[in-house]
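Here's the structure we're looking at; comments come further down.
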Amino acid sequence: MTPEYNYSVPGVLKNAIDWASRPYGDSAWQGKPAAIMGASMGTIGTARAQYHLRQIFVFLNMFPINQPEVMIGNAAEQFDEQGNLTDEKTKELIRQLLQNLADWTRRIGQSQRQ
Ligand SMILES: Cc1cc2nc3c(=O)[nH]c(=O)nc-3n(C[C@H](O)[C@H](O)[C@H](O)COP(=O)(O)O)c2cc1C
């Protein structure tokens with residue numbers, strides 16, 4: 001889950017990714033499946049940050065899910081005061097993304113055992 005800072009991923013997220021990727025040749029990210037989602041106050045819903053994250057995943061040799069893309073715009077209107085997501089369409093998108101991640105993780109796991 002990423003917010004968007006100045007059209008990219010926040011520096012703290014990049015820093016965490018960078019630390020876990022070293023020492024070179026012993027990256028914690030190597031070959032891992034991933035799902036990306038994000039929320040922001042604007043209308044574009046972290047799209048630019050998410051595509052930067054996908055670019056980073058190329059070098060880390062990670063395998064992110066492509067679809068559905070979960071880009072939650074106008075986030076202030078999608079959550080209640082307790083921080084719970086209220087929009088049913090968005091909830092369904094997240095459910096689908098997580099289902100795809102579970103299926104994809106099993107498939108990758110199987111191919112690594114063969
Ligand atoms: C330095 C900085 C840059 C930001 N840049 C963007 C941006 O490019 N696109 C966007 O949709 N929101 C941007 N935001 C808004 C954040 O994504 C977020 O919605 C906002 O900071 C509210 O969350 P917070 O209370 O955790 O800071 C930016 C926020 C900060 C602090």
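Quickly run through the range 2-38 and pick out the residues that are within 16 Å of the ligand (Cβ to nearest atom), surrounded by 11 or more Cβ atoms within 10 Å (Cβ to Cβ) and on the phi > 0 side of the Ramachandran plot. Hit for the range 2-38 is TYR7, nothing else. When only residues in the range 69-101 that are part of a helix (DSSP H, G or I) and among the small types (Gly, Ala, Ser) count, which is most open to solvent (accessible area, probe 1.4 Å)? Applying the filter and picking the extreme gives ALA76.
Are there any pairs with C-beta distances below 8 angstrom linking a residue in the range 47-59 that is in contact (Cβ under 8 Å) with a residue 40 or more places away in the chain and away from the ligand (no atom under 16 Å from the Cβ) to a residue that is of a type in the set (Val, Ile, Thr) and open to solvent by less than 80 Å² (accessible area, probe 1.4 Å), with the two at least 6 apart or on different chains, and if so which? Hits for this filter: ILE56/VAL9; ILE56/ILE17. Each residue in the range 60-80 was checked for being within 16 Å of the ligand (Cβ to nearest atom) and of a type in the set (A, V, I, L, M, F, W, C), and 6 pass. For the residues GLN50, GLN55, the requirement of being at pLDDT 95 or above and within 22 Å of LEU98 (Cβ to Cβ) singles out GLN50.
For MET41, the conditions (1) part of a loop (DSSP other than H, G, I, E, B); (2) of a type outside the set (S, T, N, Q); (3) open to solvent by 90 Å² or more (accessible area, probe 1.4 Å); (4) at pLDDT 95 or above all hold with the exception of (4). Taking the range 44-68 as the range and being of a type in the set (Ser, Thr, Tyr) and open to solvent by less than 90 Å² (accessible area, probe 1.4 Å) as the test, only THR46 passes. With the structure loaded, tell me whether TRP104 is loosely packed, with under 14 Cβ neighbours inside 10 Å and more than 16 Å from the ligand (Cβ to nearest atom) or whether it fails that test. No: the conditions fail for TRP104.
Condition check for GLU92 on (1) more than 19 Å from PRO10 (Cβ to Cβ); (2) touching a residue at least 60 places away in the same chain (Cβ under 8 Å): one failure, at (2).
The values are calculated or read from the model by the stated rules, or taken from the named source; none is laboratory data. For clarity, every value in this text was computed on a predicted model and none was experimentally measured. All Cβ positions, even for glycine, are placed from backbone atoms using ideal geometry, and neighbour counts span all protein chains on display. Each accessible area value is taken on the protein alone, full model and side chains, heavy atoms only, with ligands, DNA and RNA left out. Shrake-Rupley method; radii C 1.70, N 1.55, O 1.52, S 1.80 Å.
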